[in-house]
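This report refers to the structure that appears directly beneath it.
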Amino acid sequence: MKIIGLFLRRPIIVTTFSGLLFIAGLFSIGYLPVGLYPSVDADAISVSTFYPGASADLIDGRITSEVLSAISGIDDINYVTSTSETGSSKVVLHLAIGSDTQKVLTNIMERVNTISHFPDDMEPPQISRQETERIPDFALSFTSETMQAAQVSDFLHRVVKPRLESLKGVGNVEILGSEYAMRIWLDPERMERHGVTAIDISKSLKLENAQANGGALHDSKLRFQLVPETGLSTISDFANLSIMTATNISPVRLKDVADIELGGSQPEIKSIFNGKPATIVLINWQQGSNPLLAADDIYKTIGELKSSFPYDLQSNVLIDSSEYIGGAVHEVFITILLTCCAVTLVIFLGAGTLRAVVIPVIAIPLSLIGVCLIIHLCGFSINTLTLLAMVLATGLVVDDAIIVLDIALHRIRMGDTPYQAALKGGNEIAISLITMTLTLAIVYLPLAFIGGIVGKLFSEFAVTLAGAVIISGILALSLTPVMCARMLSTNHQHSLMVRRVEKMFASFRRSYERVLIRIMKTGNFPLWLWGTTLAGVTILFIILPHALAPKEDQGSLMVIAEGPSVIGTDYIEQHTPTLENIYSTLPEIANFNYVIGVPKDNQLLSFVRLINWSERQRSTIQLQPELQNILTKIPALQSVVILPSSLPGVGGLPFQFVLKHEDKDYANLDALSDLMLREMRASGMFLFLKKDLKYDTPQIHIRLDREQLAKVGISASDVGYSMNLAYANTKLQPFIYEGRTYNVIMALKKTERAAIQSLLDLQVRSLDGNLIRLGSLVTQNPEVGPESLNTFQKQAAVTLQGVLAPGVGQSEATEFALQLLHNLKSQGVSYDLSGETRQSKEEGQRLLVTFAIALVGIYCLLALQLTNYLGPLIVLLGSIPFSVLGALLALSWFDVPLDMFTQVGMLTLVGLISKQGILMVQATDNLHKKGSISIYYATVRASASRLRAIVLTTLTMILGALPLLFASGPAAESRFELGLVIIMGMLVGSCLTLFLLPSLYIFVHKKTTGATS
């Protein structure tokens, strides 16, 4: 290529370009944000509606169905789920990755606001972006031995939460605690004595606790704002409220018929930190923020606020994901440094002199720092994936320079001057270098466009790696020839080190030629071995477990314990000492907390934080099954230990298999799911498994005697509202206290709500003003019904969800469940997948498409270069299967599943091993076309001529990836998987390619030309 001659004549062009690239890259580094992974937008929008006291059936018919109907047809929705349970409805729209969340959110709001058939007394729907069900990014625990829980919660809402929400990078802040509320505890006996009903109290509160705008008095000079104090604000105000009824002779005060206190809005929710009562604050980062800076700001803010903490209030850090993120980024930086050292050592052993070593090694800093400019221009960040791309790039960016250096040294040995060697060698290899560089770019760039979570995450990985390789290719055609011409010497071959290296490679080359000739004489043996390789790849790909991503030790675990649906928080609290004792027996646990009554009354949520990675022997991956087995032995609670997903946008239990019924036949789904649960639990494939449909909730159906109601002039609405006020913790007109708005909550005393008799004794006012016992107007019918009614894609559904046993993949568990469903042959039932199981299937298909695109792209590129159709096939079929076989064998040996990291690693192998095939095939073609030598001799001689370059580039890649294989600390699992695939794939692939590709080349040549031995 003439341009190489231009660079050699005018080296200032090359040095100026290289210097500017380096400076621009350094400048860009200061503007790059830092994170664990690339930013992934919130993947769900929820529509939550509360209708206190309403049954699941009523919620499903009056609210959930209306919402599902209204949102039908909205674009960019992957799937829709809904849950209808007592008092609440929740519809969740799971968005396709990469969709415009704000646009979809606006569309949903417009649709829901048009619904006109909602019950009049329900709370307005709450529409919001929903975080996935996962461990929070940061959590604080606040404890005090003198303050009540509501006091602590109120202080946090007033002082701490606003400060935290104002910090850059902090997104959602949630307080798990009982906030202040004016609690009105009704006393049925006193109410009957004074002739007052719950509806009377509700009406009086609505009239007397009103907020009004009084307007203003003004003339031409002055203006006075009128502030009517029409609301109630203190316990005394509420206690002295007059209850207005049609039959009142003397005034009745609220304190005469109820106990009033400023207490907790949810006193049943209790938080414990290391055995002490606590209030928990959960924090999640904003999308695209720098969690390291955000965490530092939180620590500083809490430190500043400590001086204003009341009484003995203290704070402790429960969860801090920035430790994991910072540790992961630090570990990858160390890996890059180790990789640079390993690559430099290999080059030195191959080149023999420090002067020759500098030529390819200079490509490492120029490429890695130069690619930071591309990262900055694309709006990407410094994260574990872009850094892993740099780790792999460290071994890749020197490949092209090594090839140019090797050819230049060979020509110097043949008698050329360094200038002539650089010029001739550069021109000889230029087309191959361009092809190899474009090959790697073609392999990676489809990742940036395939969509889904793989595309969202690995687009930055792909652009970083492809960018570094392209920069190195440019440097190999520009800077490397210039450095060879100016730094190499004609006396290079006389040094002792060089002579030893040359002697070693000469001996190795002769041995290689002898073995290669013997293999060629074995007839069809290489073809049989190639066919066996293809069969092995196919079998291993089928039998290996498939997963979405590797399990990572993030330093924390989440536990959800659940009791029978008939019980409340008191039952859960009785068993917490057992849980604390279990935690105390595990030395890896640094601290723990649990929250009783979250997410539901019969559940407990617990976060467990482990000591630093360097201070413990076992990882969370090892602790999870052990802790799960221990908790399973507590018969009173159904507990699950959740290992947090390593990927953004992924949450919930790892395995989720959905059964759907075309009609709303929940009873059939319940029976079918029970059968499947029994078989799946017995399979040993699951550490934990449950379903979200339970027909074990005791219900009392209250049937109204409408004829009797008509006689006394009481409406069905009055009956329902009276029950709601007495038993549903109904939120009435709010009040303002010290500048903040709080709820007013009315209900019967807890002791009065324990028996059905309290309902029958409830008083309702008739049309003539008399009080009538509810027991004379209704009949009761005890039944057992579902705890909640769920839908998936608008069909009645039950989800079997759980945690997979070690060594079991998503695909294996899904196939087992599908086979069970097929054997049971239930009419009208279909299946679907949700959560991580759904994503695993979708992303696996996307990666297969990426493989296909990469292979087609490489084939087309090689066809253009080699100007024939068979040469590219020889390159692809004579190298890629062997490399993939090595990777799959390693995964099988180390019990590693096929996930996005291992598959991206194999995609990398496609590009790496193809480079070797390109070198061998092109050298053979060139040699065969030059003279009258036979194809056999040309193949052996050409393969041997490229042996040194292939060995050196293979060693640089293997040793460059070696630090990944011995990774430790945060994010070690994903680094190990990537290193394992690269090292074993390159080792096996290079060895077999060197010996079998020439035989395949000759076989194809014989079949197409009729040549004989």
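Within the range 299-353, if we keep just the residues that are without any contact (Cβ under 8 Å) to a residue 60 or more places away in the chain and of a type in the set (S, T, N, Q), the residue that is farthest from Ser507 (Cα to Cα) turns out to be Ser307.
Here the range 812-843 is the region considered, the condition is being of a type in the set (Gly, Ala, Ser) and crowded, with 20+ Cβ neighbours inside 10 Å, and the residue that is farthest from Lys690 (Cα to Cα) is Ser840. Could you give me the residue pairs with C-beta distances under 9 Å whose first residue belongs to the range 23-46 and is surrounded by 19 or more Cβ atoms within 10 Å (Cβ to Cβ), whose second residue is of a type in the set (Phe, Trp, Tyr) wherever it lies, and which are 6+ apart or on separate chains? Pairs found: Gly35/Trp285; Leu36/Tyr324; Pro38/Phe380; Pro38/Phe458; Pro38/Phe461.
Within the range 91-122, restricting attention to residues that are under 20 Å from the mean Cα position of the chain (by Cα), β-branched (Val, Ile, Thr) and outside any loop (DSSP other than H, G, I, E, B), the residue that is surrounded by the most Cβ atoms within 10 Å (Cβ to Cβ) is Thr101.
Where in the range 276-365 are there helices (runs of 4 or more DSSP H), lying fully within it, with 3 or more residues that are of a type in the set (Gly, Ala, Ser)?
Numbers: elements: 291-305, 321-351, 354-361.
Those helices (runs of 4 or more DSSP H) span 291-305, 321-351.
Evaluating Pro136 against the criteria (1) farther than 30 Å from Ala54 by Cα; (2) in a strand (DSSP E or B) leaves one unmet condition, (2).
Would you call Phe894 touching a residue at least 24 places away in the same chain (Cβ under 8 Å), aromatic (Phe, Trp, Tyr) and in contact with a Gly (Cβ under 7 Å, 6 or more places away or on another chain)? First the steps, then the outcome.
Details: touching a residue at least 24 places away in the same chain (Cβ under 8 Å): yes; aromatic (Phe, Trp, Tyr): yes; in contact with a Gly (Cβ under 7 Å, 6 or more places away or on another chain): no.
So Phe894 fails the test.
Every read-out reported here was derived from the displayed coordinates using simple, explicitly stated rules and does not represent laboratory data. Bear in mind that the values here come from a model prediction, so they are computed numbers and not experimental data. Quick reminder, even Gly has a Cβ in these numbers, built from the backbone with ideal geometry, and neighbours come from all protein chains shown.
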